[in-house]
Amino acid sequence: MVRVVVVHHDPDVAASQTAQLQAAGYEIETCGGPLAVSCPVLEDQACPLADRADVLVYDAWAAGDSDAGRELVRHLRDVYADLPLVLTAVDDRLQWVETEGPERVTPLRGTPAVDTLRRAIDVALADQGMAV
């Protein structure tokens, strides 16, 4: 079973994504992100949730604003270079989003439908380790 960590600043969206992904057969753990709890990744330390994950699904705004989101992705990639990262809620304000290279993510615009999210998770898992 694929283990997914869902990180979203909005508890309702996180609950919805969790329920939908669980119904699709994924094992889910959730986190409110660095705005809600202390985040070891921002200190370039391991995160117990991420350590158990096969893939991360992060809200692009989990850290607050665009700059904080970029910094969070940078730290995630420093600590977890090969862990697939799906970034949701991407929009035109996030000029820094990369799909290749060391800060790569699998980006999804807005709040994706469960089928779109599942496809993105599959793509991210298939690409794991390919772009480091």
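Every number here is computed from the coordinates shown, using simple stated rules; none is lab data. The structure presented is a predicted model; accordingly, all values stated were derived computationally and were not measured. Neighbour counts are summed over all protein chains in view; Cβ atoms, including those assigned to glycine, are modelled from backbone coordinates with ideal geometry.
Summary table
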| read-out | value |
| --- | --- |
| First in the range 99-116 and on the phi > 0 side of the Ramachandran plot and in a loop (DSSP other than H, G, I, E, B), second anywhere and crowded, with 18+ Cβ neighbours inside 10 Å and of a type outside the set (Lys, Arg), Cβ under 7 Å, 6 or more apart | GLY110/ALA89 |
| Every pair of residues 6+ apart whose Cβ atoms lie under 6 Å, when the first sits in the range 37-60 and is free of Cβ contacts under 8 Å to residues at least 12 places away in the same chain while the second is not polar (S, T, N, Q) | PRO40/CYS47 |
| Selected residue (only one of ASP92, ASP82, ASP51 is outside any loop (DSSP other than H, G, I, E, B) and either over 13 Å from the mean Cα position of the chain (by Cα) or under 20 Å from ASP127 (Cβ atoms) (or both)) | ASP51 |
| Within the range 49-93, considering residues that are out of contact with any strand residue (DSSP E or B) (no Cβ under 8 Å at 6 or more places or on another chain) and farther than 22 Å from GLU29 by Cα, the one surrounded by the fewest Cβ atoms within 10 Å (Cβ to Cβ) | ASP92 |
| Residue in the range 20-36 that is surrounded by fewer than 15 Cβ atoms within 10 Å (Cβ to Cβ), assigned to a loop (DSSP other than H, G, I, E, B), over 13 Å from the mean Cα position of the chain (by Cα) and polar (S, T, N, Q) present | no |
